[in-house]
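Here's the structure, in structure tokens; my notes come after.
The values are calculated or read from the model by the stated rules, or taken from the named source; none is laboratory data. None of these values were measured; they are calculated from a predicted model. With ideal geometry, Cβ positions are generated from the backbone for all residues, glycine too; neighbour counts draw on all protein chains shown.
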Amino acid sequence: MLADRAVLADRAAARARRLACSAARSSCGPALVTGSIGVVSERDEYEMRLGALADTWQVWASTGAALSNAQWRQPTRCGRWDVRALYAHHSGFPAALAALPQAAAPAAKPVAASDVLRAFNGPDGVAVVKADSIAGHALAQAAENPAEVFVDRFGGGGPAAVEVLRAADPAAPVPWATFALTLTEVLRIAVMEAVVHLLDLQRALGQLPEVPADALAITVRLLAEVAPAIELIEAATGRTEAMPLPVIR
């Protein structure tokens, strides 16, 4: 009984820390917020993002494990991709993130996740220039591998990647394409990618969206940072007909 109470207490404390981080979402320094909820450290914020990513990858794993052959062939709103190609594209994230703590530190100064997304989605950005090759690579991967491979990348590779990342320094600079980011900023991008494509998946399957709350909050915050601030504020409050969206592909 005492052991059960200790486990419940640990879980409640962890949940409280995550809620505090959720309320304070910021990447402006080691001490992220002060006040009645105390100081939220960079480590706490990192753990919250990591937990949100783990929860979202688990949804990918459980959804994929239950798909029928017909559902794997279901078209998505992502151009030529069916559900299988969508899994092929996104399931590379766990292994890619797990490799980052061992990567050589970049010489460049780390930038914010929003800066990277803005550059990626600009007229000459990777998301535009390499769109066809990215789509083709996912289609090729989908054709070459059984669906179980993609599910296992989330179900087995996801938890393994989370453990590697949990042992890493959140402030460590790592390479991300041609940029340098800290690991905690990379997690913001990873969560956003997992959420956006999970919505693609659930819409393709005719399911109501079901996304972990922390992951949704991280994604909304990041996308809002990518958008031009004044235009977004005026559009969100009905003060202009100009639309600053979409901000990514």
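Odds and ends about this structure:
Here is a yes/no grid of residues against (1) in a helix (DSSP H, G or I); (2) surrounded by fewer than 18 Cβ atoms within 10 Å (Cβ to Cβ); (3) modelled with pLDDT under 95; (4) of a type outside the set (Ser, Thr, Tyr):
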residue: ALA105; (1), (2), (3), (4): no, yes, yes, yes
residue: ALA108; (1), (2), (3), (4): no, yes, yes, yes
residue: ASP115; (1), (2), (3), (4): yes, yes, no, yes
residue: VAL128; (1), (2), (3), (4): yes, yes, yes, yes
residue: ASP132; (1), (2), (3), (4): yes, yes, yes, yes
residue: ALA140; (1), (2), (3), (4): yes, yes, no, yes
residue: ALA143; (1), (2), (3), (4): yes, yes, no, yes
residue: PHE154; (1), (2), (3), (4): yes, no, no, yes
residue: ALA161; (1), (2), (3), (4): yes, no, no, yes
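- Candidates PHE154, PHE150, filtered to the one that is touching a Pro at 6+ places or on another chain (Cβ under 7 Å), of a type outside the set (Asp, Glu) and on the phi < 0 side of the Ramachandran plot: PHE154
Every residue, every condition in (1) of a type in the set (A, V, I, L, M, F, W, C); (2) surrounded by 18 or more Cβ atoms within 10 Å (Cβ to Cβ); (3) closer than 27 Å to ASP82 by Cα, yes or no:
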{"site": "LEU201", "(1), (2), (3)": "yes, yes, yes"}
{"site": "ALA204", "(1), (2), (3)": "yes, yes, yes"}
{"site": "GLU210", "(1), (2), (3)": "no, no, yes"}
{"site": "ILE218", "(1), (2), (3)": "yes, yes, yes"}
{"site": "ALA227", "(1), (2), (3)": "yes, yes, no"}
{"site": "LEU232", "(1), (2), (3)": "yes, yes, no"}
{"site": "ALA236", "(1), (2), (3)": "yes, no, no"}
{"site": "PRO244", "(1), (2), (3)": "no, no, no"}
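- Residues within segment 180-199 that are farther than 13 Å from ALA52 by Cβ and either touching a strand residue (DSSP E or B) at 6+ places or on another chain (Cβ under 6 Å) or crowded, with 20+ Cβ neighbours inside 10 Å (or both), tallied: 7
- Within segment 203-249, the set of residues being within 19 Å of the chain's Cα centre (by Cα), outside any helix (DSSP H, G or I) and acidic (Asp, Glu) comprises GLU210 only.
- Every residue from segment 163-176 that is surrounded by fewer than 18 Cβ atoms within 10 Å (Cβ to Cβ) and assigned to a loop (DSSP other than H, G, I, E, B): ALA167, ASP169, ALA171, ALA172
- Members of segment 167-180 that are under 10 Å from PRO106 (Cα atoms) and in contact with a Lys or Arg (Cβ under 9 Å, 6 or more places away or on another chain): PRO173, ALA180
- The residues of segment 172-228 that are of a type in the set (Ser, Thr, Tyr) and at pLDDT below 95 amount to a single one, THR178.
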